[in-house]
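The values are calculated or read from the model by the stated rules, or taken from the named source; none is laboratory data. This is a predicted model, so every value here is computed, not measured. In this analysis, Cβ positions are derived from the backbone assuming ideal geometry, glycine residues included, and neighbour counts consider all displayed protein chains.
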Amino acid sequence: MIKEAKDGLIINIRVSPNSSKNEIIKSSDIIKVKITVHPVVGKANKAVTEFLSKQLKVPKSNLEILKGQTSKDKSILIKIQDTEKIATIKQFFS
């Protein structure tokens, strides 16, 4: 689910577009991100990064989709070096 990388943290998520509300659902094996946007021409990817940016309190420019541009399963790099912020994000997802 969450791995440390040299540039920050990598989180693996499953996106559920076209949901009734934006939310993050955490379980023991996966992080599910529900968004209200339809999966049309990258709009869902943009909505996911904007939503995660607000929830994690990091700039949108610090989020990069590494894998899964056209898939529901995505790997997202959170570019961050602050150890305190890394601990906060890990706690958020645990």
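Being at pLDDT below 95, exposed (fewer than 14 other Cβ atoms within 10 Å of the Cβ), under 21 Å from Ser20 (Cβ atoms) and basic (Lys, Arg) is a description that does not apply to Lys54.
When Ile30, Ile80, Ile10, Ile25 are checked against the criterion of being touching a helix residue (DSSP H, G or I) at 6+ places or on another chain (Cβ under 8 Å) and either within 20 Å of Phe93 (Cα to Cα) or surrounded by 11 or more Cβ atoms within 10 Å (Cβ to Cβ) (or both), Ile80 stands alone in meeting it. Screening the candidates Asp7, Asp29 for the property of being touching a residue at least 40 places away in the same chain (Cβ under 8 Å) and among the acidic types (Asp, Glu) yields one hit, Asp7. Where strands (runs of 3 or more DSSP E) fall entirely within the stretch 30-94, those with at least 1 residues that are among the acidic types (Asp, Glu), out of contact with any Ser or Thr (no Cβ under 7 Å at 6 or more places or on another chain) and within 16 Å of Ala5 (Cβ to Cβ) are at 63-67.
Would you say Ala87 is over 17 Å from Glu23 (Cα atoms) and among the small types (Gly, Ala, Ser)?
Criteria met by Ala87.
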